[in-house]
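The structure appears below as structure tokens.
The values are calculated or read from the model by the stated rules, or taken from the named source; none is laboratory data. Since we're looking at a predicted model, the values are computed, not measured. All Cβ positions, glycine included, derive from the backbone under ideal geometry; neighbour counts span all protein chains shown.
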Amino acid sequence: MKNLRLKAARAAKDLSQQELADAVNVSRQTINAIEKGDYNPTIRLCRAICRTLDKTLDELFWEDEEVRKSIRKSVKTDRTITGQLQKEKKNDTTIRVLH
């Protein structure tokens, strides 16, 4: 599903896709794919875009149940990855102390 609200908010700020991409540290192609509905961004990227465009998640991304499910899945994945990284970091520190 196309994200016309994102495109309109970006245009209202007079930002090109490249300028928005630079502001949130992704490629122009990523912004284009989000606007076309070909890519579901992570919650972190959604929040970065919202901050840059002075919009809320509801205003730009949470328009229907399908989008909400996708964002929830991204949040769950982000939390799982973060937890694993923290666990690995803790284990790595413990191993160094033992040597």
Notebook entry, point to check: Considering only segment 1-42, how many residues are in a loop (DSSP other than H, G, I, E, B) and not charged (D, E, K, R)?
Noted result: 12
Item checked: Where Glu63 falls short, out of the listed (1) surrounded by 13 or more Cβ atoms within 10 Å (Cβ to Cβ); (2) modelled with pLDDT of 90 or more -> (2)
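Got at least one residue in segment 43-55 being touching a residue at least 24 places away in the same chain (Cβ under 8 Å) and not in a helix (DSSP H, G or I)?
The answer is yes, given that some residue of segment 43-55 is touching a residue at least 24 places away in the same chain (Cβ under 8 Å) and not in a helix (DSSP H, G or I).
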Notebook entry, point to check: Any idea which of (1) crowded, with 16+ Cβ neighbours inside 10 Å; (2) out of contact with any Cys (no Cβ under 9 Å at 6 or more places or on another chain) is the one Thr77 doesn't satisfy?
Noted result: (1)
